[in-house]
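S.K.: Below is the structure I would like to discuss, written out as structure tokens.
The values are calculated or read from the model by the stated rules, or taken from the named source; none is laboratory data. Computed from a prediction, not measured in an experiment: that's the story for all the values here. Here the Cβ positions follow ideal geometry from the backbone for every residue, glycine too, while neighbour counts run over all protein chains shown.
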Amino acid sequence: MPSSASRSKLFHTIVVVGLSSASAACGPKEATVARATDAGKDSASADAADDDASDATPVTFGASDAADEPVVGIGNNAPDAAIPCVRDASPSCWPIYV
Amino acid sequence: MARDEPSLALPGDVAALDVETRRFVATTAARRSELELRGAAAFTVITQALIDLRADLRIVDLAARAIGDELDHSAIYLALARAYATNDVPAPRPEPIEVPVYPGVSDDGQRLLQVVGMCSINETMACSFLELCLEGATAAPVRAGLRTVLEDEIRHARIGWAYLGSPDVGDAERRLVSDWLRPMLRAQWRGWLDQMATLPEGERIEHGCPSAAAIAQAARASLRDLVLPGFAEAGIDISNALGWFESGGLAS
């Protein structure tokens, strides 16, 4: 299984970059794949890829503001019956490539 | 005009593999080739949803490109299937897909949940699956193909996260996602279980085909380490979904 360090890198590569910057999301493929596949194996190349990403001029979408805002939870403690149910008809999910 | 099938250098040692291994890998790759076409169909829906939401053009652009990416992935897997197969492997044809529906949700809410469900959840989970495949693969053509697919799937997952981080998503939208996160994760997880149940028994790790048990483990880890923390990072209340995850919801 991939290591926790590798998973942490993947989280940053997908989620943090995705949330914070559309320009980074449109960034060079080479950096993307290097960060995804070398994470935890070759720290030098992974770090270099990180540098590539941080060098890009991000266009923020207000992610930092969003994260700081209190979010009113609705139904957080509601019983299952009160939780909206995605249709059970098969398939009720998006295509899976496995 | 049909998309070009990538030319993969057929490794000389493929011919030396036992027939069972060649069939296993060829069948798995052919299966993935067909499934990737469904991904292309899904991204036609996502692209339209993002247009209807008047999303940032760069996000729409990523989604539109994803349609072609998924067609390319299908071609990559088909080439692998043909490289390993001992008989002819027909090219799959695209088919319409059924799109998840969220009862009682507004049209724009449906679109938001579609983007989140397909990209933030499904494509992020797919990245974890591909990471697992790539980690074990040693066959050069397989590694090359998996790397290409993974780098694209990372960008596809970012579509959802980028939209969630955009100014188009405010408190009301975050509450909607929070309300639907648990049922969406549950439905997607069931889908993964159903899909994994159809996998052939066994594994050929060195050729990018891990076992169903390993895939399930990676999928669980992706929810725990990527998807749920991702939503929290996006300012989404995940307590309900986390409760489902921690209470053994993955068992069903």
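S.K.: When you check B:A232 against the structure, is it over 30 Å from B:V19 (Cβ atoms), out of contact with any helix residue (DSSP H, G or I) (no Cβ under 9 Å at 6 or more places or on another chain) and more than 8 Å from chain A (Cβ to nearest Cβ), yes or no? If you could, list the steps in order and put the result at the bottom.
M.R.: On the way: over 30 Å from B:V19 (Cβ atoms): yes; out of contact with any helix residue (DSSP H, G or I) (no Cβ under 9 Å at 6 or more places or on another chain): no; more than 8 Å from chain A (Cβ to nearest Cβ): yes.
So B:A232 fails the test.
S.K.: Okay, moving on. Could you tell me which of the residues B:R93, B:R143 is more than 30 Å from B:L181 (Cβ to Cβ), facing chain A (nearest Cβ under 10 Å) and surrounded by fewer than 20 Cβ atoms within 10 Å (Cβ to Cβ)? Step through it out loud before you land on a result.
M.R.: On the way: B:R93 fails: facing chain A (nearest Cβ under 10 Å).
B:R143 is the lone residue from the list that is more than 30 Å from B:L181 (Cβ to Cβ), facing chain A (nearest Cβ under 10 Å) and surrounded by fewer than 20 Cβ atoms within 10 Å (Cβ to Cβ).
S.K.: Would you point out the residue of region B:196-218, among those that are out of contact with any Pro (no Cβ under 8 Å at 6 or more places or on another chain) and at the interface with another protein chain (Cβ under 8 Å from one of its Cβ atoms), that is surrounded by the most Cβ atoms within 10 Å (Cβ to Cβ)? Write out each step before concluding.
M.R.: Going residue by residue through region B:196-218, those that are out of contact with any Pro (no Cβ under 8 Å at 6 or more places or on another chain) are B:196-202, B:204-217.
Of the ones still in play, those that are also at the interface with another protein chain (Cβ under 8 Å from one of its Cβ atoms) are B:196, B:199, B:214-215, B:217.
Numbers: B:M196: 16, B:L199: 19, B:A214: 18, B:I215: 21, B:Q217: 15.
Once the filter is applied, the top-ranked residue is B:I215.
S.K.: Can we say B:E123 is modelled with pLDDT of 95 or more, out of contact with any Leu (no Cβ under 8 Å at 6 or more places or on another chain), surrounded by 20 or more Cβ atoms within 10 Å (Cβ to Cβ) and within 12 Å of chain A (Cβ to nearest Cβ)? Please lay out each step first, then the result.
M.R.: Numbers: modelled with pLDDT of 95 or more: yes; out of contact with any Leu (no Cβ under 8 Å at 6 or more places or on another chain): yes; surrounded by 20 or more Cβ atoms within 10 Å (Cβ to Cβ): yes; within 12 Å of chain A (Cβ to nearest Cβ): yes.
Against the criterion (modelled with pLDDT of 95 or more, out of contact with any Leu (no Cβ under 8 Å at 6 or more places or on another chain), surrounded by 20 or more Cβ atoms within 10 Å (Cβ to Cβ) and within 12 Å of chain A (Cβ to nearest Cβ)), B:E123 qualifies.
S.K.: Let me ask something else about it. Given the options B:D13, B:D18, B:D61, name the one that is within 9 Å of chain A (Cβ to nearest Cβ), free of Cβ contacts under 8 Å to residues at least 12 places away in the same chain and over 16 Å from B:A126 (Cα atoms). It would help to see each step written out before you state the result.
M.R.: Details: B:D13 fails: within 9 Å of chain A (Cβ to nearest Cβ); B:D18 fails: within 9 Å of chain A (Cβ to nearest Cβ).
From the options B:D13, B:D18, B:D61, the qualifying one is B:D61.
S.K.: Here is a list: B:A75, B:A49, B:A66. Which entry is more than 15 Å from the chain's Cα centre (by Cα), closer than 25 Å to B:W189 by Cα and at pLDDT 95 or above?
M.R.: On the way: B:A75 fails: closer than 25 Å to B:W189 by Cα; B:A66 fails: more than 15 Å from the chain's Cα centre (by Cα).
Testing whether each residue is more than 15 Å from the chain's Cα centre (by Cα), closer than 25 Å to B:W189 by Cα and at pLDDT 95 or above leaves just B:A49.
S.K.: Has region B:213-223 got any residue that is farther than 17 Å from A:I96 by Cα and either in contact (Cβ under 8 Å) with a residue 12 or more places away in the chain or β-branched (V, I, T) (or both)?
M.R.: Let us first name the residues in region B:213-223 that are farther than 17 Å from A:I96 by Cα, namely none.
Checked against the condition, which is being farther than 17 Å from A:I96 by Cα and either in contact (Cβ under 8 Å) with a residue 12 or more places away in the chain or β-branched (V, I, T) (or both), region B:213-223 yields no hits at all.
S.K.: When B:V101 is evaluated against the numbered criteria (1) buried (at least 23 other Cβ atoms within 10 Å of the Cβ); (2) over 17 Å from B:L193 (Cα atoms); (3) within 10 Å of another protein chain (Cβ to nearest Cβ), which criterion, by number, is the only one it fails?
M.R.: The one condition B:V101 does not meet is (1).
S.K.: Any idea which residue in region B:172-195 is surrounded by the fewest Cβ atoms within 10 Å (Cβ to Cβ), counting only those that are more than 7 Å from chain A (Cβ to nearest Cβ) and more than 22 Å from B:L250 (Cβ to Cβ)?
M.R.: Only one residue fits best here, namely B:A172.
S.K.: Inside region B:180-202, can you point out the residues that are more than 26 Å from B:G160 (Cα to Cα) and in contact with a helix residue (DSSP H, G or I) (Cβ under 7 Å, 6 or more places away or on another chain)? Let's see the steps before the verdict.
M.R.: Of region B:180-202, the ones more than 26 Å from B:G160 (Cα to Cα) are B:197-202.
Result: B:L199, B:P200, B:G202.
S.K.: Looking only at region B:158-170, which residues are over 24 Å from the mean Cα position of the chain (by Cα) and more than 7 Å from every other protein chain (Cβ to nearest Cβ)? Walk me through it before giving the result.
M.R.: First pass over region B:158-170, keeping only residues over 24 Å from the mean Cα position of the chain (by Cα): B:167-168, B:170.
Hits for region B:158-170 are B:D168, B:G170.
S.K.: Next question, about the same structure. Hey, can you tell me all the residues within region B:211-252 that are outside any helix (DSSP H, G or I), closer than 23 Å to B:E173 by Cα and touching a Gly at 6+ places or on another chain (Cβ under 8 Å)? Before you say what the answer is, go through the steps one by one.
M.R.: Step one: list which residues in region B:211-252 are outside any helix (DSSP H, G or I), which gives B:211, B:234-238, B:247-248, B:252.
From what is left, the residues that are closer than 23 Å to B:E173 by Cα are B:234-238.
If the condition is that a residue be outside any helix (DSSP H, G or I), closer than 23 Å to B:E173 by Cα and touching a Gly at 6+ places or on another chain (Cβ under 8 Å), then B:A234, B:D237 are the ones that fit.
S.K.: Something else now. Give the residue that is surrounded by the fewest Cβ atoms within 10 Å (Cβ to Cβ), with candidates limited to residues of region B:23-43 that are of a type in the set (A, V, I, L, M) and within 14 Å of the chain's Cα centre (by Cα).
M.R.: Looking only at region B:23-43, we keep the residues that are of a type in the set (A, V, I, L, M), and these are B:25-26, B:29-30, B:35, B:37, B:40-42.
Right, trim to within 14 Å of the chain's Cα centre (by Cα) and you get B:35, B:37, B:40-42.
On the way: B:L35: 19, B:L37: 22, B:A40: 20, B:A41: 17, B:A42: 25.
Residue satisfying both the conditions and the ranking: B:A41.
S.K.: In addition: Based on what the data block shows, is B:L112 more than 8 Å from every other protein chain (Cβ to nearest Cβ), without any contact (Cβ under 8 Å) to a residue 24 or more places away in the chain and part of a helix (DSSP H, G or I)?
M.R.: Criteria not met by B:L112.
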